[in-house]
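K.L.:
Below is a structure I'd like to ask you about.
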Amino acid sequence: MKVPLSWLKDYVEIKLPPEQLAYKLTMAGFEVAEIHRVGELWDRDKVFVGQIVEVKPHPNADRLTIAVVDYGASELVEVVTGAPNIKVGQSGQKVALALAGARLVDPYAPQKTYFTLKPTKIRGVLSPGMVCSEKELDLSDEHETVIILPDDAPVGIPLADYLGDIILDIEVPTNRPDCLSILGIAREVAALTDAEFHPPIIDYPEEGPEAKELVEVEIADSDLCSRYTAAVVLGVEIKPSPYLVQRRLRAAGMRPINNVVDATNYVMLELGQPIHAFDYDKIRGRKIIVRRAREDRTFTTLDGITRSLFPDTLLIADAEGPVAIAGVMGGMESEVTDKTKNVLIESANFNRVSIRRTSRLLGLRTEASLRFEKGLDPYLPPEGGKRTAQLIKEWAGGTIAKGLVDVHTPLPPRRTITFHLSELERFIGISYPKEQVSSILGKLGFELKEEEPQTYTVTVPTHRGDVTEPADLVEEVARIAGYDLIPTEMIPAPSSPQIFPELLKWEEAAKDVLVACGLYEVKTYALISQELLDQFGLSYPLPLLSVANPMTPEHVFLRPTLLPSLLRTLAYNLRFQDGVKIFELARVYLPRENDLPQERITLAIAMAGEAEELSWFGSSRRLDFFDLKGVVEELVERMGISNYQFIPADERAFFPGQTAWLKVGEDTIGILGKLNPDIAEAFEVEEEVFMAEFNFEALASHASSRREFKPVSRYPAVVQDIAVVVDEEIPAEEVRKVIMEAGKPFIRSAVLFDLYRGKPVPPGKKSLAYSLTFQADDRTLTDKEVTKLRERVIRELERKLGATLRG
Amino acid sequence: MLEKIKSLREKAIQELEASADSNSLEEWKRTYLGKKGFVTQLLRQIGSLPPEERPKAGEAANLLRDELTQLYEEKASAIKEAERLQAAKAQAIDVTLPGRRPQIGALHPVTQTLREIIEIFSRMGFGVYEGPEVEWDEYNFGLLNIPPEHPARDMWDTLYIAPPYGKDGNMLLRTHTSPDQIRVMELTKPPIRVVVPGRCYRHEATDASHEWMFYQVEGLAVDKGITMAHLKGVLTTFVREMFGKERKVRFRCDYFPFVEPGADMAMDCIVCGGKGCRVCKFTGWLEILGAGMVHPQVLRNVGIDPNIYTGFAFGMGVERIAMLKHKIDDIRYFYANDLRFLKQFRA
């Protein structure tokens, strides 16, 4: 809401400088986003109100004239102008005169550019200044004509004193449609600055016939229209509004049209009640019917667009058909034109939900619909209609019909609230003096009646539909008094411990492990595209969750897997660096019928490229399966899980020979392995990519922070190496298991330290070398015992796996 | 005898001075002070001298032994020092070469900021709750005092779930973490002190300060006797813990349908200190979060008697906090996941 202070002053005294006023409003809930100063650059000694004394022809150009201007100085000034509204032979017009040195807007520059006016020879005639258009003075984009000021503009005063203004751009909260008006803001200012509030006096002679004899109003669908008033002004003369009215409308962000339309917009801005003016003579049957569209399918609004209607769209119709879309926009057929003689003024109250729906369905938001959809005061329409009639008479002449046609459903009773002053302390933490409370509420239009000490019956003004209970009154008092007054107190500790999700602890712990493993955490969008899903070629039992109104095809599906997003992130980063190791811990969305989806915390890891960062000491090695597996092992063990295993897997998205399931106990937790190279290629990655995805909730269900302590043996350990040759197909894990079983009870560990293929190991075989550690808790093992165990290990390897001892 | 001692001394000192490394020094030691060395032999000879010469010769020989031993030790330490220096010089490395750094990754800056926020509130007695991102319209709006077609719905541009799961807009991606106020109050009874971190979504075009996906942290305290003064206390403490003890805060009235009275908290601009700059849009203030006293209707909606209990709630955008903390000028960096960005937050 743009509020010119010059307009605001009509209803309330402005006691504060603009910045302080803006601050007060901001603090009270009306954020002033911008303070715009009209005429800030008009030098007081260079831009004046002038009066044209004579207009002479330009000796060398037909389309130029020379205006002789009096601006209060001892000498007149002669300026060259091309304005079509300054004609030879005319005199007496009041104009905005700029002299050399004035800073003006270049009307021909594509973007707003200022220039300093210099005396210029125009077609051989020296012009020491110029008469200005609105554009040159940065008032609007109007540059066809120069400004003609009202006749009573005082000649010779600086223009800044006459047209200069300050406009506050105020963000009005949605619960305060009453403040989508200058008057509403004035009421706030009065309360905030303890100033008097003067609403406009609506009073005029009603000289015409009875309004109800001129028009009949019927509300057919009273659920959507609680009140409709019609006023009539006969015999108007359509012309531009007075210049200062036009300025006010422009300053408030609206375009002047003509005196009648301007009066409707002026009243909407002034009172917050949208008004529509019809050409009375175009209303067929002299009848207004407020009804749903039903079988009316289309309607042409006054912007010339033919719009499809919906059966529930509320219309204003005459005896023959629709003349306006209620509360949104009038029709082209019945609009006020230059030829209009008689005007019907609509001031009504429409159902906010209906207006909101209509406006949304039509994709048409207007100043009127914006107000109606927030819910307006049902007591306001008569005032709005009368005020409009008054202004039309003032600006367009004519006679006003007697009375209003005012059709309405029973008006809601004035709301009352029982208000104990103790509520203030209960919500705010401090008490407010009784006098302050009644003064604040009084200024805002509330009526207070003291029922018993500290208890009031508060009658809510009809324009405050947002105030329904004591908490609302608490806010009124607190915000006007200022939140700065509220003390700052520490909250007492809760009397019982507060909740904390167990899973979150594991998530954070896991992230720390992964970071320590050299991975970077990423966070990717939860919505992905069909294309991304297709590239992965995964299938799901139920149709995926998707968004009904996506912003772009990029973000449609709620992802059932993190892998595509992570791969894309990996691919993106590989463009800038040789090695990438990333993970994401986020939710995937698994649909359920007739319920919210399951949102499962999922962990995904991706890595590709160089294993180590480039360095002067390092070696170059590409990341492989075991880099990924190592990270997984580290994570799983750090989460206190020991009963895990890796089982070879064959899954479509992965490369068969280099993929494994991670199992903990009987639960399959997820998959890790080399990505199917076709998929990597689809993402333009030539590197081998290693990825993993785990159901983190399943993993965490096995996690524990407890570690069972085992005493550290005080006796020496014996280390022995063995190397065995086994068939290529035998997994290393099998070999290790046999060793650990056969080496009981004294074997402590079997660390694989060499894996060898090639001569002298026969083809199809591999050599595995282990470092075995034997130890007892209660004594030093004898050589004999160790030798016996070692031999048993070798024997068992031979028996179970067909292994042979190497060398 | 004394002559002999004297000349032995001169020769020994001369040779000692000539020895340049520890080998020749040890050789010298063997020659003079060893078991069969000259001085040892000299001392043995004392016993065979006539008795009247013995005391003097003995004393001189002992003096010689002590003197040479001392000279040896001095020489030995000098040589050792020289040799140490020499060895050091031979093994000298360029200490300005980069060290072998363990390869450690980093948490996403949003995670870091979330942890910091949660940690600060947990020190003030707040627990943590996490709710669903796909939410019922009823929880995201209805129970928060925003019925269908309420004009305030325009404050949140919403992404709705399509059929077959969503029906007539009854399911959506939560636009804020506020529905979890309802979930927490359904789950536990007062006293409640909880923060709710989580992803939120809006149907919104992205620019330097807007993302359609973002994180919020919701806060909720419900108890007997909770006031707006407590709200100010908790949030002022938060800001000062997060951004420094010297921060000034400003609370002003603002409208959210699920709080009454409603508020908005700003802190003095951390860039210009309140003088006005581009970051604070020349206001000197940075809006940090929306807050207010839980609307009595919201309490009624979850069966908490608003005549007995009061509460406050607040919600803040995590990226905004992170942006202010690290001077990040474009929110789109967060979900672009460029490692050149992420590596700057190795904390």
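K.L.:
log₁₀ I(q)/I(0) of segment B:109-345 at q = 0.08, 0.12, 0.15 Å⁻¹, via Debye over equal Cα point scatterers, no solvent, to two decimals?
P.N.:
The calculated log intensity ratios at q = 0.08, 0.12, 0.15 Å⁻¹ are -0.29, -0.68, -1.07.
K.L.:
How are the Cα pair distances of segment A:197-304 distributed, in percent, across 5 Å bins from 0?
P.N.:
Percent of Cα pairs in each bin: 2, 8, 15, 19, 22, 16, 12, 5, 1, 0.
K.L.:
How big is segment A:513-614 on each of its three principal axes, counting only the C-alpha atoms and giving the largest first in Å?
P.N.:
Principal axes ranked by extent give 52, 28, 23 Å for the Cα atoms.
K.L.:
If you count, for every residue in A:548-555, the Cβ atoms of partner chains within 10 Å of its Cβ, what is the mean?
P.N.:
The mean count of partner-chain Cβ atoms within 10 Å per residue comes to 5.
K.L.:
Report the per residue volume, in Å³, of the convex hull enclosing the C-alpha atoms of segment A:489-557.
P.N.:
263
K.L.:
Continuing with the same structure: Taking every pair of distinct Cα atoms and averaging 1/r, then inverting, what Kirkwood hydrodynamic radius in Å comes out for segment A:286-425?
P.N.:
Values: mean 1/r = 0.0587 Å⁻¹.
Hydrodynamic radius (Kirkwood, Cα pairs) of segment A:286-425 is 17.0 Å.
K.L.:
Next question. If you count, for every residue in A:475-488, the Cβ atoms of partner chains within 10 Å of its Cβ, what is the mean?
P.N.:
Details: counts 10, 2, 1, 5, 6, 1, 0, 3, 12, 4, 0, 9, 6, 11.
Mean shielding count: 5.
K.L.:
How large is the convex hull of the Cα atoms of segment B:206-347 per residue, expressed in Å³ as a whole number?
P.N.:
133
K.L.:
Let me ask something additional. For a test of the definition: using alpha carbon positions, the gyration tensor, and the 1.5 limit on a/c, classify segment B:1-128 as rounded, prolate or oblate. Write down the numbers at each step before the final one.
P.N.:
Values: a/c = 7.29, a/b = 3.46, b/c = 2.11.
Prolate shape, in that a/c is at least 1.5 and a/b is the bigger ratio.
K.L.:
Using a 1.4 Å probe on the protein heavy atoms, what percent of the accessible area of segment B:109-345 belongs to carbon and sulfur?
P.N.:
On the way: 3900 of 7720 Å².
Carbon-and-sulfur percentage of accessible area, whole number: 51.
K.L.:
Quick one: of the DSSP bridges fully inside chain A, what percent are antiparallel, nearest 5?
P.N.:
Working: 141 of 148 bridges.
Of those bridges, close to 95 percent are antiparallel.
K.L.:
Starting at the first residue of segment B:141-146, write each ³J(HN,Hα) from the Karplus equation 6.51 cos²θ - 1.76 cosθ + 1.60 with θ = phi - 60°, in whole Hz, x for Gly and Pro.
P.N.:
Residue by residue, segment B:141-146 yields 10, x, 6, 8, 6, 10 Hz.
K.L.:
Let me ask another. Ignoring ligands and nucleic acids, what accessible area does residue A:75 show with a 1.4 Å probe (Å², nearest 10)?
P.N.:
Near enough 140 Å² of accessible area.
K.L.:
Between residue B:175 and residues 5 or more places away or on another chain, which pairs have amide H atoms under 5 Å apart, with H built 1.01 Å from N, and which residues are they?
P.N.:
B:201
K.L.:
Are there any residues in segment B:306-340 with a reduction of at least 30 Å² in accessible surface when going from the isolated chain to the assembly of protein chains? Probe 1.4 Å, please list them by number.
P.N.:
B:310, B:335, B:337, B:338, B:339, B:340
K.L.:
Based on a Kirkwood Rh over C-alpha pairs, give the Stokes-Einstein translational diffusion coefficient of segment A:123-169 at 37 °C and viscosity 0.692 mPa s in µm²/s.
P.N.:
Numbers: Rh = 12.8 Å.
Rounded to a whole number, D works out at 257 µm²/s.
K.L.:
Among B:143, B:289, B:259, flag the residue with its Cα farthest along the positive direction of the charge dipole of segment B:109-345, charges on Cβ as +1 for Lys/Arg and -1 for Asp/Glu.
P.N.:
Most positive-ward Cα: B:289.
K.L.:
May I ask you to order A:216-227, B:213-224 by the average number of other C-beta atoms within 10 Å around their residues, highest value first?
P.N.:
In descending order of packing, they fall as B:213-224, A:216-227.
K.L.:
With every protein chain left in place, what is the accessible area of residue B:243 in Å² (1.4 Å probe, nearest 10)?
P.N.:
So the heavy atoms of residue B:243 present about 30 Å² to solvent.
K.L.:
Hey, another quick one. Report in % the part of the accessible area of segment A:668-807 that belongs to carbon and sulfur, leaving out ligands and nucleic acids; probe 1.4 Å.
P.N.:
Numbers: 4160 of 8210 Å².
Answer for segment A:668-807 is 51 percent, counting heavy atoms of protein chains only.
K.L.:
I would also like to ask the following. Measure nothing but the geometry: give the 0 to 90° angle between the long axis through the Cα atoms of A:381-396 and the longest principal axis through the Cα atoms of chain A, rounded to 10°.
P.N.:
The answer is roughly 50 degrees.
K.L.:
Separate question: With the Cα gyration tensor of segment A:1-107 in hand, convert its eigenvalues to equivalent ellipsoid semi-axes via √(5λ) and list them largest first in whole Å.
P.N.:
Values: eigenvalues 314, 40, 35 Å².
Ellipsoid half-lengths, sorted descending, are 40, 14, 13 Å.
K.L.:
Suppose we compare each residue of segment B:148-174 in its chain alone and in the full protein complex with a 1.4 Å probe; which ones drop by at least 20 Å² of accessible area?
P.N.:
Listed in order, they are B:149, B:151, B:154, B:159, B:160, B:161, B:162, B:165, B:167, B:171, B:173.
K.L.:
Taking segment B:1-71 as the region of interest, what is the percent of Cα-Cα pairs per 10 angstrom bin, listed from the shortest bin to the one with the maximum distance?
P.N.:
Once binned at 10 Å, the Cα pair distances of segment B:1-71 give 21, 52, 21, 5, 0.
K.L.:
Where the centre of each part is set by its Cα atoms, how far does segment A:365-401 sit from segment A:583-634, in angstrom?
P.N.:
For segment A:365-401 versus segment A:583-634, the Cα centre distance is 65 Å.
K.L.:
Kindly provide log₁₀ I(q)/I(0) values, in the same order as q = 0.14, 0.18, 0.21 Å⁻¹, from the Debye equation applied to equal alpha-carbon scatterers of segment A:281-352.
P.N.:
Log-scaled intensity ratios, in q order: -0.40, -0.67, -0.92.
K.L.:
Please list A:96-102, A:273-279, A:321-327, B:334-340 highest first by mean number of surrounding beta-carbon atoms within 10 Å per residue.
P.N.:
Working: A:96-102: 21.4, A:273-279: 26.3, A:321-327: 24.7, B:334-340: 18.3.
Per-residue mean Cβ counts within 10 Å order the peptides as A:273-279, A:321-327, A:96-102, B:334-340.
K.L.:
A follow-up question, please. So what is the relative contact order for segment A:6-120, in percent, with contacts set as C-alpha pairs under 8 Å and at least six apart?
P.N.:
About 21 percent, as a whole number.
K.L.:
Can you give the accessible area buried between chains A and B, summed over both chains, with a 1.4 Å probe, in Å² to the nearest 100? All intermediate terms of the calculation are to be shown ahead of the outcome.
P.N.:
On the way: alone 41150 and 19850 Å², together 52570 Å².
Protein heavy atoms only, the A-B interface buries about 8400 Å².
K.L.:
A follow-up question, please. Report Rg/Rh for chain A, rounded to two decimals, where Rg is the Cα radius of gyration and Rh the Kirkwood radius.
P.N.:
1.19
K.L.:
List the equivalent ellipsoid semi-axes of segment A:191-241 in whole Å, largest first, each obtained as the square root of 5λ for an eigenvalue λ of the Cα gyration tensor.
P.N.:
30, 23, 12
K.L.:
How much space per residue, in cubic angstrom, does the convex hull of the C-alpha atoms of segment A:372-488 take up?
P.N.:
Convex hull volume per residue, Cα atoms: 159 Å³.
K.L.:
Report ³J(HN,Hα) in whole Hz for each residue of segment B:331-347, in order, from the Karplus equation J = 6.51 cos²θ - 1.76 cosθ + 1.60 where θ = phi - 60°; Gly and Pro get x.
P.N.:
3J(HN,Hα) across segment B:331-347, in whole Hz: 5, 5, 4, 4, 10, 7, 6, 6, 4, 5, 7, 4, 5, 6, 10, 7, 10.
K.L.:
I would also like to ask the following. Semi-axes of the equivalent ellipsoid for segment A:705-807, please: Cα gyration tensor eigenvalues, times 5, square-rooted, ordered largest first, whole Å.
P.N.:
27, 15, 11
K.L.:
Where the centroid of each part is defined by its Cα atoms, how far is segment B:182-220 from segment A:664-679 in Å?
P.N.:
33
K.L.:
Accessible area per residue of the protein assembly as shown at 1.4 Å probe, in Å²?
P.N.:
About 46 Å² of surface per residue is accessible.
K.L.:
Name the cysteines of chain B that stand alone by the Cβ rule: no other cysteine Cβ under 4.7 angstrom.
P.N.:
Cys with no partner Cβ under 4.7 Å: B:200, B:253.
K.L.:
What do you reckon, how do A:46, A:94, B:80 stack up by accessible area (1.4 Å probe), largest on top?
P.N.:
Highest to lowest solvent-accessible surface, that is B:80, A:46, A:94.
K.L.:
Here's another thing I want to ask about it. Taking segment A:620-764 on its own, what percent of its Cα-Cα pair distances exceed 17 Å?
P.N.:
The share of Cα pairs beyond 17 Å in segment A:620-764 comes to 72 percent.
K.L.:
Same structure, new question: How do A:26, B:206 rank by accessible surface area computed with a 1.4 Å probe, from largest to smallest?
P.N.:
B:206, A:26
K.L.:
Sticking with this one: From the phi angles alone, apply the Karplus equation (6.51, -1.76, 1.60; θ = phi - 60°) to segment A:222-239 and give each ³J(HN,Hα) in whole Hz, x where the residue is Gly or Pro.
P.N.:
For segment A:222-239, the Karplus-derived couplings read 6, 6, 9, 9, 8, 7, 9, 10, 10, 10, 10, 10, 9, x, 8, 10, 6, 7 Hz, x marking Gly and Pro.
The values are calculated or read from the model by the stated rules, or taken from the named source; none is laboratory data. All values derive from a computational prediction rather than experimental measurement. FYI the Cβ positions are ideal-geometry reconstructions off the backbone, even for glycines, and counts take in every protein chain you see. Ligands, DNA and RNA are stripped out before the accessible areas are found, and what is left, the full protein with its side chains, is counted by its heavy atoms. Shrake-Rupley method; radii C 1.70, N 1.55, O 1.52, S 1.80 Å.
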